[in-house]
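The values are calculated or read from the model by the stated rules, or taken from the named source; none is laboratory data. What you are looking at is a predicted structure, and each value in this text was computed from that prediction instead of being measured. Cβ placement follows ideal geometry from the backbone for every residue including glycine, while neighbour counts extend to all protein chains displayed.
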Amino acid sequence: MRTITKDFSPLYRSLIGAEHLASMMDKATKAEKQPAYPPYNIESIAEDKYRITMAVAGFVESELDIESKANALIVTGTKVPKEEDASKKFLYQGIAERNFERKFQIADHVKVVSAHMENGLLHIDLLREIPEALKPRKIAINGKSLLEGNSN
């Protein structure tokens with residue numbers, strides 16, 4: 001397998017105040033292997049609304065833990081061995097029932113709204129809420145400066 005490395009250093013010059021984006025892109029290009037289990041989809045439901053869907057067949061809600069902290073979403077599945085499972089003799093076991101931890105990097109101002117399970121799929125809904133102070137706004141040219149004092 002051929003590894004291609006990209007130089008993102010020119011982005012550092014043009015991303016004023018957002019240097020963390022360039023460093024995140026640097027980290028993403030490094031070969032940081034994450035397990036392929038469980039498989040997942042990330043979809044855009046609407047503008048600023050997203051959904052992560054994970055295939056967690058064999059897990060019940062009490063065996064799953066979802067935690068959101070410091071721009072990271074961590075989904076953990078802990079399978080509790082049952083006494084009856086020890087007596088089973090599988091000829092073929094294709095449904096993985098192993099523990100897992102899946103980490104997602106989430107952007108600033110994105111929060112987890114809800115999570116629910118349906119037909120062996122875990123759905124996690126996310127919403128991006130940008131504060132009013134950070135939304136784009138028009139700047140008038142030759143307009144009165146907010147820094148000028150009132151001359152009343």
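Need pairs with beta-carbon distance below 6 Å; first residue farther than 13 Å from residue 120 by Cβ and within the stretch 87-98, second basic (Lys, Arg) and surrounded by fewer than 10 Cβ atoms within 10 Å (Cβ to Cβ); sequence gap 6+ or separate chains. Cβ pairs passing all conditions: none.
Listed here are the residues, each with its yes/no results for (1) in a strand (DSSP E or B); (2) loosely packed, with under 15 Cβ neighbours inside 10 Å; (3) modelled with pLDDT of 85 or more.
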{"position": "65", "(1), (2), (3)": "yes, yes, yes"}
{"position": "80", "(1), (2), (3)": "no, yes, no"}
{"position": "89", "(1), (2), (3)": "no, yes, no"}
{"position": "108", "(1), (2), (3)": "no, yes, no"}
{"position": "112", "(1), (2), (3)": "yes, no, yes"}
